[in-house]
Amino acid sequence: MTHKPLTMMENQNVPHLVLIPPPFHGHMTPMLQLATILHSKGFSITIAHTHFNSPNPSNYPNFNFLPFFDGLSDTQITSKNFIDIASTLSTNCVTPLKETLIHHMAKLEKLDEKIACIIYDGFFHFIDSLTKELKLPSIVFRTTSATNFLTYHVCAHLQTKGYLPLQDSKSLDLVPELELLRFKDLPIFGLTNPHDFLHSTSKTLSITPLAVIFNTVDGLEDSSLNDLQHLYNVNLFPIGPLHMIANEFDNISILREKDNCISWLNNKPRKSVLYVSLGSIASWEEKELTEMACGLVKSRQNFLWVIRPETVTDVSAWLESLSEDVKLGVVERGCVVKWAPQSEVLAHEAVGGFWSHCGWNSTLESLCEGVPIICQPYFGDQRVNARLLSHVWKVGLEWCNVMERNEIEKVVRRLMVNQEGEVLRKRAIELKHEIRLSLSGSSCDALDGLVKFILSLEGSKL
Ligand code: UDP
């Protein structure tokens, strides 16, 4: 590994970075990982964040934190309506964030210092005009795959040609501009309102940062990165997987593990456990969870199953309501937890498969540990990632998504028992080695390039 903490020379200005993540776990965690890596390169780090889902400063003693008002109501917060929260934030946060940044700049100015660069999550597209107004250099950080970001361009193009929105969200036709995807894989489908998606996409595409950082690996997405490079006349920095690079310096997650599932895994044979976690945003009806429980038990495989507290009102009561034989099966073969230390779980030798919603962080974490996946995407970029996993990288099983016990039993056995699963597992292990090589190869070079780029904005040296 070549990422070494740099030591500041005396009397040198430490370049100040302000990083701005949205308050969602899948966005916040990679931003904090990026912050950890940039801190190790000698930058001073400030995290500007909403009050809602704020990170705990005591977990990050090296960073400064600047909370800003988000104006979310208690009803919105408890509703867990991601789309509604996102749209409220992009209206409510503009003025509070601007005032917070102005105040921070004034504080630095008194010390004869300034912000070298703002790094913000592209989800907060309103920050583009804000940084221009404040004359601050800015870089966008994209927490989805490069291919997913490319689909925004493709969707905008298809819309101008009159192809979108499409009525047929199941179309298997290949997308002419991006043939690795079918129409049904585009992130526009699975949303309640495709027009909102197209509107927010056009805002995202209108922003003009100085550079874009991706949490990805060049070798995984070289074709999409090349296409993006042609579309954008700015530097693209594919620096991933961030959780692997950041792990060299710190072990971070905004949520901490409470349930001890690792000791349960320790007592299971090699590659015998299916890890089941379908994301921190999708929610479930109890009858779907019951089908999952029945299907998992019928498959006769061991399983570690994360059921997020917000996906079912009372997990214990629901478990109690299962029929006696299923309950017995869950106790014999399963371990049900509210939260698991996912990277550690995927790295555990007892884990032989992952049933996932294919969020980008989960996708990268699984690829890095060589664990094949049952792909069950719901919306947004998850569909794109599922297609990459199953069709391009060939480490995932595309699944029909019907929460029915016999279907679940079949797919679990396909991955965990059948020859088909063995082939995917072999390919996953090859890919794991390729990704790990990139840590000291392309991703390391991209990180060095990013550091130089930021320093060239500031004019100061580390
Ligand atoms: N995660 C975890 N433990 C759990 C469930 C999720 O650590 O029990 C982490 C997971 O490792 C990943 C993140 O939460 O880093 C989920 O991000 P992802 O992009 O996969 O999905 P999202 O939840 O944003 O849809």
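The values are calculated or read from the model by the stated rules, or taken from the named source; none is laboratory data. Please read all numbers here as calculations on a predicted model, not as lab measurements. FYI the Cβ positions are ideal-geometry reconstructions off the backbone, even for glycines, and counts take in every protein chain you see.
Report, by residue number, each residue of segment 394-410 that is surrounded by 18 or more Cβ atoms within 10 Å (Cβ to Cβ) and either touching a Lys or Arg at 6+ places or on another chain (Cβ under 7 Å) or in a loop (DSSP other than H, G, I, E, B) (or both).
VAL395, LEU397, TRP399, ARG405, GLU409
How many residues, within segment 421-442, are surrounded by 20 or more Cβ atoms within 10 Å (Cβ to Cβ) and without any contact (Cβ under 8 Å) to a residue 60 or more places away in the chain? Residues that pass the stated criteria total 1. Is it the case, given these coordinates, that SER460 is over 22 Å from TYR275 (Cβ atoms), at pLDDT below 95 and not aromatic (Phe, Trp, Tyr)? Criteria met by SER460.
Let's see how each residue does on (1) of a type in the set (A, V, I, L, M); (2) within 29 Å of the chain's Cα centre (by Cα):
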site	(1), (2)
GLU288	no, yes
GLU291	no, yes
GLY295	no, yes
ASN302	no, yes
TRP305	no, yes
VAL315	yes, yes
LEU319	yes, no
LEU322	yes, no
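Note on segment 348-358: among residues that are at negative phi and among the hydrophobic types (A, V, I, L, M, F, W, C), the one that is farthest from the ligand (Cβ to nearest atom) is ALA350. From the list GLU286, GLU310, the one residue that fits, being more than 12 Å from the ligand (Cβ to nearest atom) and surrounded by fewer than 19 Cβ atoms within 10 Å (Cβ to Cβ), is GLU286. Of all the listed residues (ASN385, ASN406, ASN418, ASN361), the sole one being in contact (Cβ under 8 Å) with a residue 60 or more places away in the chain and away from the ligand (no atom under 16 Å from the Cβ) is ASN406. It is to be established whether one or more residues within segment 407-425 are touching a Phe, Trp or Tyr at 6+ places or on another chain (Cβ under 9 Å) and at pLDDT below 95. No; the residues of segment 407-425 include none that is touching a Phe, Trp or Tyr at 6+ places or on another chain (Cβ under 9 Å) and at pLDDT below 95. Please determine whether any residue of segment 393-403 is at pLDDT 95 or above and among the polar types (S, T, N, Q). No: segment 393-403 contains no residue that is at pLDDT 95 or above and among the polar types (S, T, N, Q). Going through segment 245-293 one residue at a time, which ones are at pLDDT 90 or above and among the β-branched types (Val, Ile, Thr)? Those that are at pLDDT 90 or above and among the β-branched types (Val, Ile, Thr): ILE245, ILE262, VAL273, VAL276, THR290.
Residues in segment 364-414 that are in contact with a Pro (Cβ under 6 Å, 6 or more places away or on another chain) and among the charged types (D, E, K, R): ASP381, ARG383.
Yes/no per residue for (1) closer than 19 Å to ASN260 by Cα; (2) at pLDDT below 95; (3) among the β-branched types (Val, Ile, Thr):
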| position | (1), (2), (3) |
| --- | --- |
| VAL326 | no, no, yes |
| GLU332 | yes, no, no |
| VAL337 | yes, yes, yes |
| LEU346 | yes, no, no |
| GLU349 | yes, no, no |
| TRP360 | no, no, no |
| THR363 | no, no, yes |
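Restricting attention to segment 29-52, the residues that are farther than 20 Å from ASP128 by Cβ and either within 12 Å of the ligand (Cβ to nearest atom) or of a type in the set (Asp, Glu) (or both) add up to 3.
Hey, does segment 378-385 have a residue that's modelled with pLDDT of 95 or more and among the aromatic types (Phe, Trp, Tyr)? No: segment 378-385 contains no residue that is modelled with pLDDT of 95 or more and among the aromatic types (Phe, Trp, Tyr). Screening VAL330, VAL345, VAL337 for residues that are more than 11 Å from the ligand (Cβ to nearest atom) and surrounded by 17 or more Cβ atoms within 10 Å (Cβ to Cβ) leaves exactly one candidate, VAL330.
Cβ-Cβ distances below 7 Å connect the following pairs, each with a first residue in segment 55-67 that is farther than 15 Å from THR29 by Cα and in contact (Cβ under 8 Å) with a residue 12 or more places away in the chain, a second residue that is among the small types (Gly, Ala, Ser) and surrounded by 14 or more Cβ atoms within 10 Å (Cβ to Cβ), and a separation of six or more residues or different chains: LEU66/ALA48; PRO67/SER54. Checking the stated criteria, PRO241 turns out to be within 14 Å of the ligand (Cβ to nearest atom) and either within 22 Å of PRO23 (Cβ to Cβ) or modelled with pLDDT of 95 or more (or both). With a requirement of 2 or more residues that are modelled with pLDDT under 95 and surrounded by 15 or more Cβ atoms within 10 Å (Cβ to Cβ), the helices (runs of 4 or more DSSP H) lying completely within segment 77-194 that satisfy it span 82-92, 146-160. Scanning segment 354-373 for residues that are touching a Gly at 6+ places or on another chain (Cβ under 7 Å) and either in a loop (DSSP other than H, G, I, E, B) or within 19 Å of VAL411 (Cβ to Cβ) (or both) yields HIS357, GLY359, VAL371, PRO372, ILE373.
Residue check: PHE52 meets all listed conditions (1) in a loop (DSSP other than H, G, I, E, B); (2) free of Cβ contacts under 8 Å to residues at least 60 places away in the same chain; (3) over 25 Å from SER362 (Cβ atoms) but one, namely (3). Of everything listed in (1) of a type outside the set (Asp, Glu); (2) more than 29 Å from ASN247 (Cα to Cα); (3) modelled with pLDDT of 95 or more, the single unmet condition for PRO61 is (2).
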